[in-house]
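The values are calculated or read from the model by the stated rules, or taken from the named source; none is laboratory data. Predicted model only: the values in this text are computed from it and were never measured. Positions of Cβ are backbone-derived with ideal geometry, glycine not excepted, and every protein chain shown enters the neighbour counts.
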Amino acid sequence: MVLILTLVILVVGGLVLARRGMPGSDAPQRIVAVAASHLPPGRTDWGRAMTAELIQVTGRIPRWRFAAGVVRVSLFPPARHRGVVVAVALSAVLVTAAATAVAAIEAPSLAVFAVTLGVLLGVYATAVACRWPAQPLILPRLLAATVALAGASAAATAAVRIAIIRPAAATDPTHLFSILLAIAIAGYLACVLTPPALGEHASQAMWWALGGALASTVVWVVVAVTVQFNPEQITGYFSPVSAAAVLVVSACVAASTRSMPTGAKAGVLTALIAAPIHFAIDMSALLQLHRYVLTNQFDVTKFAHSGYPNVASYLISDTLGGYIIGGLFFGLVALTAVSLVAGAVASRLRPAAPERSTA
Amino acid sequence: MTRTRRPSPRTLAVLQALADDHERWRYGYELCTQLDMQAGSMYPILIRLADRGLLEAAWEDDPVPGRPARHLYRLTGAGRAFAAAAAKNEAPARQAHGPAASSAHQPRWEGA
């Protein structure tokens with residue numbers, strides 16, 4: 001309930017902020033403005049051209065169609081090196097086909113996960129290739145990208161390990177959780193590899209986000225190694241460790257830059273970098289438990305009619321599903337709310353520096 | 001050496017529309033409505049044509065008050081020659097394929 005409320009607040013807040021940012025504009029105009037601003041540096045004139053054209057497009061449906069077209073151009077701008085795009089797209093198709101084939105043979109329950117993750121990452125890689133050559137990466141962004149890639153790999157590996165060690169736990173007749181996990185892993189990775197614009201404070205914000213994510217991961221590892229946990233307690237919905245990291249990063253970046261959006265974005269980046277690693281750590285710890293015990297009457301009753309061959313498979317499956325929805329989706333929503341609040345408060349704490357007299 | 005790729009039917013349509021009145025500066029939405037084409041298809045074609053030096057683009061000098069300046073387009077000399085050559089090549093192809101060739105003007109994600 002709290003999470004749904006948070007989601008509603010975020011959506012309403014976002015709409016209010018968007019309306020304030022562009023008074024008198026409708027949704028297509030805001031979409032076009034955002035999409036046009038994400039065109040590669042050499043294409044900015046075309047973004048301005050499309051934004052200017054929208055003024056004369058009348059009618060609700062034509063405006064939405066025009067906006068959809070601009071979004072399409074923004075996602076897949078005409079490539080300067082078409083060969084690179086074709087090579088990347090073909091590679092993605094081949095890798096996805098190979099991964100799906102291997103999954104279908106070795107761990108059939110992961111076939112849908114493999115194909116979904118492959119398609120999403122392939123589309124993302126193709127979109128990135130359309131912007132080739134990319135601008136050189138600053139060091140913290142390069143490190144964040146490396147950590148994010150490691151996190152995504154670890155999260156996917158954790159899912160594979162569950163499917164191999166406890167096949168019954170990874171069985172997903174609806175394929176819903178397979179698809180959601182693939183969306184989460186690909187989405188988190190894409191957001192870190194292509195972060196939101198952080199302006200002149202990009203380097204500082206990225207360092208903070210990376211530091212916060214790594215610090216929270218160290219704590220996470222220590223807790224996983226030293227504390228004997230109960231699978232029913234692993235929900236990932238709203239971890240105090242993640243929340244503390246996001247809070248500190250958002251507040252510090254917002255205070256030092258006096259920019260609420262920059263602080264909030266740094267906080268969200270912290271969560272995006274850390275979450276897949278935390279997921280992998282928790283799932284690995286879950287698999288290494290020696291005893292799986294049902295501790296509440298609800299689970300005892302549910303397990304009896306669940307069809308799972310043993311308690312371990314039931315508990316792991318239940319925890320995995322709960323973690324995917326609670327931790328990787330609602331958890332991010334909650335942490336976004338934390339970063340927004342921390343950023344808003346901290347950006348007002350530090351007064352503006354007095355202007356220096358040149359006399 | 002630059003490899004010349006055969007233009008797609010949509011690109012040919014844009015080239016033809018621009019070549020029909022090659023002195024006049026056109027703007028993107030005008031071309032979209034004339035050719036019944038979506039912005040998501042039109043602008044990539046215009047961008048590719050400009051990248052290849054077939055299209056020149058300029059901002060409107062004297063925009064109507066209250067409206068931002070438009071980005072205007074017209075074919076370069078090379079663009080006009082390319083459009084003429086493409087139209088010339090396309091005519092025998094249409095004749096060879098018969099009436100079915102006219103249905104080639106289908107929505108396709110293809111560039112210049």
Can you report the number of residues in segment A:69-108 which are over 20 Å from residue A:131 (Cβ atoms), of a type in the set (Gly, Ala, Ser) and under 26 Å from the mean Cα position of the chain (by Cα)? 5
Of the conditions (1) away from every other protein chain (no Cβ under 11 Å); (2) under 20 Å from residue A:120 (Cα atoms); (3) of a type in the set (S, T, N, Q), residue A:74 fails just one. Which one is it? (1)
Give the residue that is farthest from the other protein chains (Cβ to nearest Cβ), with candidates limited to residues of segment B:72-90 that are in contact with a His (Cβ under 8 Å, 6 or more places away or on another chain) and part of a strand (DSSP E or B). B:75
One residue from A:42, A:69, A:83, A:47 being touching a residue at least 24 places away in the same chain (Cβ under 8 Å), within 12 Å of another protein chain (Cβ to nearest Cβ), out of contact with any Leu (no Cβ under 9 Å at 6 or more places or on another chain) and not polar (S, T, N, Q): A:42
Give me the helices (runs of 4 or more DSSP H) completely within segment A:1-116, filtered to those with at least 1 residues that are at pLDDT 90 or above and within 30 Å of residue A:176 (Cβ to Cβ), ordered by residue number. A:27-37, A:60-75, A:82-106
Tally up the residues in segment A:122-157 that are more than 19 Å from the chain's Cα centre (by Cα) and either surrounded by fewer than 16 Cβ atoms within 10 Å (Cβ to Cβ) or without any contact (Cβ under 8 Å) to a residue 40 or more places away in the chain (or both), please. 8
Keeping to segment B:42-71, report how many residues are under 18 Å from residue A:66 (Cβ atoms), at the interface with another protein chain (Cβ under 7 Å from one of its Cβ atoms) and not in a loop (DSSP other than H, G, I, E, B). 4
Scanning segment A:40-68 residue by residue, those under 26 Å from the mean Cα position of the chain (by Cα) and of a type in the set (A, V, I, L, M) turn out to be A:67, A:68
